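A quick write-up on the structure given underneath.
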Amino acid sequence: MKTRIFLLLSLIFAFLQGSFLPPVLLEGVLVVGLVLFTRPQKAFLGLLSGGIIFDLVQSQTLGITSGIFLVFAFVLVLIKNDVSIQKPLGAACLAIILTIIRAKLVFGSLFLIPSLVGGTLMFLLLIFILQPVVERDSVFKLNGKS
Amino acid sequence: MQGAKNNTLYYLAIFYLLSSIFIYFLDSRGTLNFLHRSTQVLTIPVRSWLYDGRVSILSPLSAITDAVDQHRRIQELEYRNAELYAQLSGFKALEEENAKMRHLLGTNLPPNWQFAPARVVSVAGDTIDIFADTTLIVGTPVVTTDNGGVWVGKVESVVGREAEVSLSTHTVSKIPVIVRSAEDGSRHASGIVIGRGGYARLEQVLTSEQVDEGDLVLTSGLSLPPELLIGRVRNVIKTSGSPWQQADVDVAVQGNNLDFVFLVTKF
């Protein structure tokens with residue numbers, strides 16, 4: 001995921017979460033996605049900025065979400081090679097954990113159901129992204145053309 | 001090379017983390033409030049609009065569940081209301097009883113007497129039915145209060161926690177009495193008040209004793225609590241040649257006017 005896409009999605013969901021959606025939902029998905037698909041050096045800057053965006057839009061104390069994102073990302077980077085976070089289930093669990101941590105530290109409640117929804121979304125997204133690409137030949141055969 | 005790369009990574013992470021901590025420190029002290037105010041000019045209208053959209057989408061759905069909840073809530077409230085009404089009427093009864101007890105305490109009855117409150121539940125002619133929490137014994141005197149002790153009657157029969165009390169006008173009622181002047185309280189005569197069914201008559205009063213209209217008729221204390229007002233003398237009847245005189249008695253207590261009475265359990 002590019003950092004710009006991450007920041008744009010952060011802005012969109014910062015507006016949606018709280019007023020339209022539950023206050024925490026997709027933070028875990030965004031952060032895990034950014035760490036998985038971007039270099040750490042770029043990811044950290046994006047996480048700092050994204051966290052500021054979340055806090056500004058949701059009228060929270062600036063820096064708290066950034067701190068959570070950065071600490072979590074740092075731990076992810078450290079364990080990236082040891083734990084299979086690229087696997088959908090692992091990534092989903094990490095997304096759930098991050099969402100729960102942010103919910104508890106920023107809003108004081110666990111918001112378990114939105115966290116589970118976010119984790120499920122992460123799981124399905126990775127399943128979709130990581131599925132093997134169908135070969136060109138087999139596509140023609142399916143269409144009945146040789 | 002890999003190690004240098006990792007070190008760079010660590011330093012970068014620490015740098016960004018310290019930056020976020022610094023920003024948090026500044027904002028917690030209010031230094032960055034201008035940033036919040038300036039962004040809220042845009043964010044608050046957008047979030048309000050989104051919230052209104054959410055309410056308008058969810059309100060038809062919530063109306064269904066709300067209707068079910070409201071119905072259940074109404075039923076609960078009605079039940080609770082009925083319970084409270086029952087409690088309230090109980091409290092009112094206690095309040096009345098309490099007032100009577102305080103009235104009783106303020107009278108000049110002997111302090112060593114003991115009383116138990118009872119509630120009048122029905123009136124039938126010359127009897128009243130009372131209900132009490134205490135053990136009811138046949139023959140127990142029953143009084144009420146009105147600037148002093150006023151005789152009501154005696155317990156004639158007991159069924160559970162209800163008792164039938166015969167008033168002084170009942171045909172079974174025969175009460176030894178004394179007659180005192182209403183003006184100075186001096187004792188004039190003694191006799192017996194006999195119930196005649198609907199009214200009471202003072203009898204067996206010697207003609208040598210002075211009985212005047214308006215004199216107070218009180219219990220004499222023979223096997224009954226003494227000095228309890230039964231009524232006032234009305235219409236003295238003297239028969240020539242007879243050693244006795246009689247008089248009608250205006251009883252002080254009418255059954256219909258009673259709500260709380262007291263059993264004299266010790267005198």
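The values are calculated or read from the model by the stated rules, or taken from the named source; none is laboratory data. Every value quoted in this text rests on a predicted model; they were computed, and no experiment measured them. Cβ: placed from backbone, ideal geometry, glycine included. Neighbour counts: every protein chain shown.
Structure data summary
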| quantity | calculated |
| --- | --- |
| Failed criterion for A:VAL24 (all others in (1) touching a Pro at 6+ places or on another chain (Cβ under 8 Å); (2) more than 21 Å from B:GLN40 (Cβ to Cβ) hold) | (2) |
| Residues being among the hydrophobic types (A, V, I, L, M, F, W, C) and more than 24 Å from B:ASN7 (Cβ to Cβ) - total across the stretch A:1-52 | 21 |
| A:VAL32 vs. criteria in contact (Cβ under 8 Å) with a residue 60 or more places away in the chain and either within 13 Å of chain B (Cβ to nearest Cβ) or in a helix (DSSP H, G or I) (or both) | yes |
| Answer from A:GLN86, A:GLN41 - the residue that is over 26 Å from B:TYR51 (Cβ atoms), part of a loop (DSSP other than H, G, I, E, B) and modelled with pLDDT under 90 | A:GLN86 |
| Subset of the stretch A:57-72 [facing chain B (nearest Cβ under 8 Å), surrounded by fewer than 24 Cβ atoms within 10 Å (Cβ to Cβ) and either β-branched (Val, Ile, Thr) or touching a residue at least 24 places away in the same chain (Cβ under 8 Å) (or both)] | A:THR61, A:ILE64, A:VAL71 |
| Elements of type strands (runs of 3 or more DSSP E) in the stretch B:63-162, at least 1 residues being free of Cβ contacts under 8 Å to residues at least 12 places away in the same chain and either touching a helix residue (DSSP H, G or I) at 6+ places or on another chain (Cβ under 7 Å) or closer than 28 Å to B:TYR199 by Cα (or both) | B:114-124, B:149-159 |
| Residue satisfying all of: in the stretch A:89-107; under 20 Å from A:LEU126 (Cβ atoms) and among the small types (Gly, Ala, Ser); surrounded by the most Cβ atoms within 10 Å (Cβ to Cβ) among these | A:ALA95 |
| Candidates A:ILE101, A:ILE79, filtered to the one that is at pLDDT below 85, farther than 20 Å from A:THR3 by Cα and aliphatic (A, V, I, L, M) | A:ILE79 |
| Selected residue (criterion: farthest from B:VAL152 (Cα to Cα)) from residues of the stretch B:179-193 that are of a type in the set (A, V, I, L, M) and surrounded by 20 or more Cβ atoms within 10 Å (Cβ to Cβ) | B:ALA189 |
| Test: residue in the stretch B:31-45 that is closer than 16 Å to A:GLN60 by Cα, at pLDDT 85 or above, within 14 Å of chain A (Cβ to nearest Cβ) and not in a helix (DSSP H, G or I) | yes |
| Number of the exception - B:VAL155 against (1) surrounded by 11 or more Cβ atoms within 10 Å (Cβ to Cβ); (2) modelled with pLDDT under 90; (3) farther than 28 Å from B:GLU209 by Cα | (2) |
